[in-house]
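**Q** Below is one structure. I have some questions about it.
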Amino acid sequence: MNNLVSFIRKEVTLEWRQRYAINGILLYLVSTIFICYLSFNVRSNQLNPITWNALFWIILLFTAINAVAKSFIQEKEGKYLYYYWLISPQTLIISRIVYNTLLMLVLAFIGYGMYSLVLGNPVGDPVLFLFNLLLAAVSFSSALTMISAIASKANNNQTLMAILGFPVILPMLLMVIKISKNALDGIARGESYDEILTLLAINLIVGAVSYLLFPYLWRS
Amino acid sequence: MRKNWWKFLTIALLFYTIIAGLLMEVPRLVILNETIRALYFHVPMWFGMIIMLGVSVVYSIKYLRNPEQKHDDTAVEFANVGIIFGVLGILTGMLWAQFTWGDWWSGDPKQNAAAIGLLIYFAYFILRGSLDNVDQRARISAIYNIFAFSALIPLLFILPRLTDSLHPGSGGNPGFNAYDLDRRLRMVFYPAVLGWTLLGVWMASLRVRIKKIEHQLDL
């Protein structure tokens, strides 16, 4: 537990010291949003809610894949050996998932702010929408962290990251989009319980499987 | 001879399925009409696929516990046959949907889930293709196989039940147990499931043996 906290703190400090990585992802996110805004060529609040919703989540999905990909892919071999002596694989995967969740949260909130600034904000139930952003951050990071660990072992891993990640994350994405649509329409929150529970259940499965499988991946 | 009894059983069951499935009396139901016979060919494909992929995951787990080449071969070949069953399941389903829903692809949750499921396993084969080292390929693809299978289950069994679907057995539509699977259908349906599954096992075991010969020739 103590290891876990200090490892997460180390990741955050490291990220803060070499800000170019997180700044790169942020710029990627903001540019994508801006490109979408210019391509649609609309004045704000004119996008129909379904398009608004789908576009927002597609942008976040691609940002997530790029952001999480660097958690294992862009790391030097020597660093792995170093971690290997220091901590158990379970600690490593959990701390990476937690760290990626934090990263995704920051990206999701900034993305939401920027997106609603240029493309309008038709959200009817902001509390549910923000809660959904939190759920999405957890889901994306729990599924993609393991995928990025798998992809890092292969060559040509950026493409691999995407094709391995998409089908696995799709069930989660569908649930998230549905909750988000409910939040946009501002309908009663009870309507979303089923989806929230399913999403949490899928997260639990994926998280548990990652926890069990990562030590095998780690050994090489 | 005694070891091969199940192969004769497979042939007998499949002949029975095809002949009885196409010729025997079936319940007359509106809209479904004669397409109800898809039950003998379409539904067993999904049973077969889930069973084949299940076996594949079991061998992947075995490989992780005890890294032997033969476990990896078995896992891959069962996944291969599982994919063939999945593709056939989608094609037969589309044919059926064309007659009953009026469109080859109507974006039904079950159709979408099946397509995503196949994408997962295509990604599995691409992952295998991009790893050079034999041991590493076996281990990492075993890990992805287990990971993907556990992501596939909510997709195939939970999500379509949450949304409205025209598919029998979900979204309030009666499944095949409710009214339409009467005694006459069962008499062909269960042998059909068994027959197609055994055929899948047969195909996979042949492929595993070919792989084994290839490995021995390599050495």
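**Q** Go through region A:190-198 residue by residue and turn each phi into a ³J(HN,Hα) via Karplus (6.51, -1.76, 1.60, θ = phi - 60°); whole Hz please, and just put x for glycine and proline.
**A** x, 5, 9, 4, 4, 5, 4, 5, 4
**Q** What list of ³J(HN,Hα) couplings, whole Hz, do you get for region A:88-98 from phi and the Karplus terms 6.51, -1.76, 1.60, once you set θ to phi - 60° and write x for glycine and proline?
**A** The phi angles translate into 7, x, 4, 4, 4, 5, 5, 5, 5, 4, 5 Hz.
**Q** Considering only A:F40, A:N53, A:V12, whose Cα is most displaced toward the positive end of the charge dipole of region A:2-218, charges sitting on Cβ of Lys, Arg (+1) and Asp, Glu (-1)?
**A** Of the options given, the answer is A:V12.
**Q** Have a look at A:A67, A:A21, A:A151 and tell me which one the Gaussian network model of chain A (Cα, springs below 10 Å) gives the largest fluctuation.
**A** A:A21
**Q** Just how many pairs of Lys in chain A have C-alpha atoms closer than 14 Å, counting pairs that are eight or more places apart or on different chains?
**A** 4
**Q** Report the dimensions of region B:38-218 along its three principal axes from the alpha-carbon atoms, largest first, rounded to Å.
**A** That gives 54, 32, 27 Å along the principal axes, largest extent first.
**Q** Quick one: which residues, 5 or more positions from A:G186 or on another chain, have an amide H under 5 Å from its amide H? H modelled 1.01 Å from N in the peptide plane, none for Pro or chain starts.
**A** Hits under the 5 Å cutoff: A:G124, A:D125.
**Q** A further question follows. Excluding the sites themselves, what is the longest stretch of chain A that contains no trypsin sites (Lys or Arg not before Pro) in a DSSP loop with at most 13 other C-beta atoms within 10 Å?
**A** Details: sites that count: A:R19, A:R43, A:K76, A:R219.
Result, exposed sites excluded: A:77-218.
**Q** Apply 1/(1 + (r/R0)^6) to the Cβ-Cβ distance of B:V58 and A:L4, taking R0 = 25 Å, and write down the FRET efficiency to the nearest 0.05.
**A** It comes to 0.20.
**Q** Under 1.5 on a/c is rounded, so check that first for region A:148-220, then, if it is not, pick prolate when a/b is larger than b/c and oblate when it is not; a ≥ b ≥ c are the square roots of the alpha carbon gyration tensor eigenvalues. Please report the intermediate quantities before stating the final value.
**A** On the way: a/c = 5.29, a/b = 2.05, b/c = 2.59.
Oblate shape, in that a/c is at least 1.5 and b/c is the bigger or equal ratio.
**Q** Then there's this: Calculate, axis by axis, the spread of Cα positions in region A:90-138 along the three principal axes, and write the results as whole Å, longest axis first.
**A** Between the extreme Cα coordinates on each principal axis of region A:90-138 lie 42, 19, 9 Å.
**Q** Karplus couplings for region B:5-18 from phi (6.51 cos²θ - 1.76 cosθ + 1.60, θ = phi - 60°), rounded to Hz, Gly and Pro as x?
**A** My calculation for region B:5-18 gives 4, 6, 6, 5, 4, 4, 4, 4, 4, 6, 4, 4, 4, 5 Hz in order.
**Q** A follow-up question, please. Which whole-number percent of Cα pairs in region A:2-218 have a distance greater than 26 Å? Mind showing how you got there, number by number?
**A** Working: 8511 of 23436 pairs.
Tail of the P(r) past 26 Å holds 36 percent of the pairs.
**Q** Please give the Cα centre distance for region B:53-132 versus region A:1-71, rounded to the nearest Å.
**A** 32
**Q** If you place +1 on the Cβ of every Lys and Arg and -1 on the Cβ of every Asp and Glu, how big does the dipole about the Cα centre of the protein assembly as shown come out, in debye to the nearest 20? It would help to have the intermediate numbers written out before the result.
**A** Values: 34 positive and 24 negative charges, 207 e Å.
In debye, rounded to 20, the protein assembly as shown gives about 1000.
**Q** Here is a further query. Among the lysines, which have Cα under 19 Å from the Cα of B:K211 when same-chain residues fewer than 8 positions away are ignored?
**A** Result set, ordered by chain and number: B:K62, B:K70.
**Q** In terms of the Cα gyration tensor, with a ≥ b ≥ c the square roots of its eigenvalues, is the protein assembly as shown rounded because a/c is under 1.5, prolate because a/b exceeds b/c, or oblate? Intermediate values should be presented prior to the final figure.
**A** Values: a/c = 2.53, a/b = 1.30, b/c = 1.94.
Verdict is oblate for the protein assembly as shown.
Rule-based calculations on the coordinates, nothing more; no lab input. Keep in mind it's a predicted model, so treat the numbers as computed, not measured. Positions of Cβ are generated from backbone atoms using ideal geometry, with glycine treated the same way; all protein chains shown enter the neighbour counts.
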